[in-house]
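As structure tokens, the structure follows; a few thoughts come after it.
The values are calculated or read from the model by the stated rules, or taken from the named source; none is laboratory data. Everything numeric here is computed off the predicted structure, so don't read it as measured data. For neighbour counting, all protein chains shown are included, and Cβ atoms are generated from backbone atoms with ideal geometry for every residue, glycine included. Protein only, heavy atoms only, side chains kept; ligands, DNA and RNA dropped before computing areas. Shrake-Rupley method; radii C 1.70, N 1.55, O 1.52, S 1.80 Å.
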Amino acid sequence: MTITRRHLVTACVAFLSIMSFGSAALASPPKEIRLDWATYNPLSVVLKAKGFLEETLAANGIKVRWVQSAGSNKALEFLNAGSLDFGSTAGAAALLGKINGNPIKVVDIYSRPEWTALVTRHDSAITSPADLKGKSVAVTRGTDAYVFLVRALADVGLTEKDVKLVLLQHADGKLALLRGDVDAWAGLDPMMAAAELEAGANLFYRRVEANTWGTLCVREAFAAEHPALVAHVMRAYEKARAFAKENPAELAALLAAATKLPTDVVARQLDRTDLNAFELGAPQRESIAAAGQALLHAGIIKPGVDIGAAVDGLIDPKVN
């Protein structure tokens, strides 16, 4: 089954009914819910700026706390530590986290992006993943950019052992590339768009289908204890999506303010980001599983891991 708009509306009506009876009807309601916002998740920027969640939860004594995630790896760290209830990740990154013991579930899709590519300077002789052998590559482990790099290397018979990985957060990877400290970078938007437009950086290897979906993750314990709140957050995301689609200029302005990047950079990021509503189902399962199989083959995931079972455990069957 997949999430439908009818399911979301039904869940939210149930949530509002529960909330109308006060805390006695909702077992141990939290005093606050904690969500991340991330520059690679435009809907989170809208949600934070417009206060859609705050409007509906404040009257019931539930506060909303926002924490910035600099990458999927950080969102997963925060979720694993219990300092976030909801986090923005890529599908493949969420799978890696789940396999490594992070107790999370994917409950929604916030975008279908092309947010990562392999990047080098405008004057570099590097033109394909095969040219990376022996070269230094900046990358953020535990993110879609890292998974993308591993898969690109595997496509030409290489592994991460054939390159010199320089482990940096995305923004620092961009700076390292432009300074000449590394030969290439597994980029992530909007930093990648900034490098492209401001410094002429070359996206020398692009593969849209190897960018896994933007997935909204929740801590398993939170989902089990507060399913109606999960549905409510999902509904708020749909409201943010509708706002983004109906107000593209304001979306761009909000993202430019959040990223402190020029409007043309934000426009390039948004050109590569599909914010249409996607029901969580077979396409995401297939994309995440394909990434998992590639990581298994590359030795990043330990032999013997059942990728299909891991994907099933990641995408919650109770809401899908």
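Tell me which residues, restricted to the stretch 228-242, are in contact (Cβ under 8 Å) with a residue 60 or more places away in the chain and open to solvent by 30 Å² or more (accessible area, probe 1.4 Å).
Of everything in the stretch 228-242, those that are in contact (Cβ under 8 Å) with a residue 60 or more places away in the chain and open to solvent by 30 Å² or more (accessible area, probe 1.4 Å) turn out to be ARG235, LYS239.
Report whether or not LEU165 is open to solvent by 10 Å² or more (accessible area, probe 1.4 Å), in contact with a strand residue (DSSP E or B) (Cβ under 7 Å, 6 or more places away or on another chain) and either of a type outside the set (Ser, Thr, Tyr) or in contact (Cβ under 8 Å) with a residue 40 or more places away in the chain (or both).
Here the answer is yes, as LEU165 does meet what is asked.
Hey, could you check the stretch 190-206 for residues that are within 17 Å of SER128 (Cα to Cα) and of a type outside the set (D, E, K, R) and say which is least open to solvent (accessible area, probe 1.4 Å)?
In this case the residue turns out to be ALA201.
When both residues are 6+ apart or on different chains and their Cβ atoms are under 6 Å apart, which pairs have a first residue that lies in the stretch 57-70 and is in contact (Cβ under 8 Å) with a residue 24 or more places away in the chain, and a second that is in a helix (DSSP H, G or I)?
ASN60/MET19; VAL64/LEU53; VAL64/GLU54; TRP66/LYS48; SER69/ALA75
Within the stretch 255-320, considering only helices (runs of 4 or more DSSP H) that don't extend past its boundaries, which have at least 1 residues that are closer than 21 Å to ALA117 by Cβ and in contact with a strand residue (DSSP E or B) (Cβ under 8 Å, 6 or more places away or on another chain)?
It comes to 282-297.
If I filter the stretch 130-156 down to residues being charged (D, E, K, R) and under 25 Å from the mean Cα position of the chain (by Cα), which single residue comes out as surrounded by the most Cβ atoms within 10 Å (Cβ to Cβ)?
Result: ASP144.
Identify, please: which residue in the stretch 252-275 is open to solvent by less than 40 Å² (accessible area, probe 1.4 Å) and among the β-branched types (Val, Ile, Thr) and is, among those, farthest from the chain's Cα centre (by Cα)?
The extreme case among them is VAL265.
Write out, first by first residue and then by second, each pair whose Cβ atoms fall under 9 Å of each other, whose residues are 6+ apart or on separate chains, and whose first residue, in the stretch 292-320, is among the β-branched types (Val, Ile, Thr) while the second is surrounded by 16 or more Cβ atoms within 10 Å (Cβ to Cβ) and at pLDDT below 90.
VAL319/ILE3; VAL319/HIS7; VAL319/ALA11
Check whether at least one residue in the stretch 189-197 is in contact with a Pro (Cβ under 9 Å, 6 or more places away or on another chain) and either free of Cβ contacts under 8 Å to residues at least 12 places away in the same chain or more than 30 Å from GLU286 (Cα to Cα) (or both), and report yes or no.
yes
Scan the stretch 94-104 for residues that are more than 21 Å from TRP66 (Cα to Cα) and surrounded by 24 or more Cβ atoms within 10 Å (Cβ to Cβ) and jot them down.
LEU95, LEU96, GLY97
Hey, VAL208 hits all of (1) touching a Gly at 6+ places or on another chain (Cβ under 8 Å); (2) β-branched (Val, Ile, Thr); (3) farther than 30 Å from GLU220 by Cβ but one; which does it fall short on?
(1)
Pull out all pairs, ordered by first then second residue, where Cβ-Cβ is under 7 Å, the residues are six or more apart or on different chains, the first lies in the stretch 276-289 and is acidic (Asp, Glu), and the second is not in a helix (DSSP H, G or I).
What qualifies is GLU279/THR2; GLU279/ILE3; GLU279/THR4.
Any idea which of THR159, THR127 is over 20 Å from ASP36 (Cβ atoms), open to solvent by 50 Å² or more (accessible area, probe 1.4 Å) and in contact with a strand residue (DSSP E or B) (Cβ under 9 Å, 6 or more places away or on another chain)?
Residue meeting the stated conditions: THR127.
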